[in-house]
Amino acid sequence: MTNRTVITAASNPKIKHVKALLSKGKVRRSELCFAAEGVHLFEEAPDALLREIYVAESFFKTSEEAVLKKNKPVYIVEDRLFEQISDTQSPQGILCVVQIPYADPMQLIGTDQPLFLLLDEIRDPGNLGTMIRTGEAAGVSGIWLTDGCADPYQPKVVRSAMGALYRVPVISLNQTEEDLQQMAQIWKDKGIRLYGTLLGAVQVYDKPDYRTGTAFVIGNESRGVSPEVLALCDEQIRIPMRGQVESLNAAIAASLLMFEAARQRRM
């Protein structure tokens, strides 16, 4: 029988733990877990990664069977208290604690003709979550984050990714410039070409051949790709634009590049 516990006090250690997972990246990194809120994220959470389930009393009354069949510890929280721990304006009544999926960097690099995104200081959580979600749709092999990117397991990223975080390998580099150079060299040794996005680049994005190992580098929303990371790229590419638009949203630019590679790989 699934372990069920009723929680009625905000001082309960379990409530404090959930709040910490929602608000503190340090806690998420130390425990290798994150909180995923909402029915969709609960339903898609892999059993192997699911650790705990928190449900509002009213939600549990209507969805008891779906919750209990996961066979994980269930914490039934008074509705008023669930609203206090929720990170959304309109709580759906369910939240789960999920283990951060492990991804082996060298195994990813060894993938046959991989397609990567290398994100350079992407700060906006919505952009990051959208890139992860779109990356899954386009068939990326993995997404790499340089130091300075938004925490991929903070609530807004988790919601924007819509479950893709469970399935798309995400590697947080948090490395020095020298480490990045070494990583880029390993990629190149494996035949993976790095394409840096740059407004003033000569090469248009749909001209190179992306059917071999490819990594698209997407830069910070305001500054673009940093000079240090751009220097590691094999080629610079641009997305041609009309009118007076100076640049595209980072997530939209990434989507265009990933789906161009996907289109080529279907041919």
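Among MET106, MET162, MET131, MET241, which comes first, then next, by fewest other beta-carbon atoms within 10 Å?
MET106, MET241, MET162, MET131
Given H placed 1.01 Å from N in the peptide plane, which residues other than close sequence neighbours of LEU118 have an amide H under 5 Å from its amide H?
It is TRP144, PHE216, VAL217, ILE218, by chain and number.
Could you give the dipole magnitude of region 105-266 about its Cα centre, charging the beta-carbon of Lys and Arg +1 and that of Asp and Glu -1, in debye to the nearest 20?
740
Could you tell me what % of all Cα pairs in region 105-266 have separations over 23 Å?
Roughly 31 percent, rounded to a whole number.
Output the 0 to 90 degree angle, nearest 10, between the alpha-carbon long axis of helix 13-23 and the longest principal axis computed from the alpha carbons of the chain.
20
Can you pick out the pairs among LYS26/LYS156; LYS16/LYS61; LYS70/LYS156; LYS14/LYS72 whose Cα atoms lie more than 21 Å from each other?
Too far apart for the 21 Å limit: LYS16/LYS61; LYS70/LYS156.
If you average the sequence gap of Cα pairs under 8 Å that are 6 or more apart and divide by the length of region 105-266, what percent do you get for the contact order?
Computed value for region 105-266: 28 percent relative contact order.
Mind ordering 7-20, 140-153 by average Cβ neighbours within 10 Å, highest first?
Per-residue Cβ counts within 10 Å, averaged per peptide and sorted highest first, yield 140-153, 7-20.
How far is helix 57-68 tilted, in degrees, relative to the longest principal axis of the Cα atoms in the chain, given as a value from 0 to 90 rounded to the nearest 10?
Roughly 70 degrees, rounded to the nearest 10.
Using the Karplus equation 6.51 cos²θ - 1.76 cosθ + 1.60 (θ = phi - 60°), what ³J(HN,Hα) coupling, rounded to whole Hz, does each residue of region 191-204 give in order, writing x for Gly and Pro?
Ordered by residue, 3J(HN,Hα) equals x, 8, 8, 9, 10, x, 8, 8, 4, x, 5, 7, 6, 7 Hz.
Amide H neighbours of SER172 under 5 Å, counting only residues 5+ apart in sequence or on other chains, H built in-plane at 1.01 Å?
LEU145
Above 18 Å lies some portion of the pair distances; for region 4-99, what is it as a whole percent of all C-alpha pairs?
In whole percent, the share of Cα-Cα pairs in region 4-99 beyond 18 Å is 39.
What list of ³J(HN,Hα) values in whole Hz, one per residue of region 252-266 in order, does the Karplus curve 6.51 cos²θ - 1.76 cosθ + 1.60 (θ = phi - 60°) give from phi, with Gly and Pro shown as x?
Couplings: 5, 4, 4, 4, 4, 5, 5, 6, 5, 5, 4, 4, 4, 6, 7 Hz.
Can you grab the distance from the C-alpha centre of region 1-44 to the C-alpha centre of region 92-109, Å, no decimals?
Using only Cα atoms to place each centre, the spacing works out to 15 Å.
Considering only C-alpha atoms, what is the centroid distance from region 238-259 to region 138-217, in Å?
For region 238-259 versus region 138-217, the Cα centre distance is 16 Å.
Once both axes come from the Cα atoms, what is the angle between helix 125-138 and the longest principal axis of the chain, in degrees from 0 to 90, rounded to 10?
Computed tilt is about 70 degrees.
Have a look at MET131, PRO13, SER226 and report the one farthest towards the positive end of the charge dipole of the chain, computed about the Cα centre with Cβ charges (Lys/Arg +1, Asp/Glu -1).
PRO13
With springs only between Cα atoms under 10 Å, which of GLU65, GLU177, GLU44 fluctuates most in a Gaussian network model of the chain?
Evaluated over the chain, the most mobile residue of the options is GLU65.
I need LEU194, LEU117 ordered by Cβ neighbour count within 10 Å, fewest first.
With the sparsest Cβ surroundings first, the list reads LEU194, LEU117.
The numbers here are math on the coordinates, done by the rules we state, and not lab data. Bear in mind that the values here come from a model prediction, so they are computed numbers and not experimental data. With ideal geometry, Cβ positions are generated from the backbone for all residues, glycine too; neighbour counts draw on all protein chains shown.
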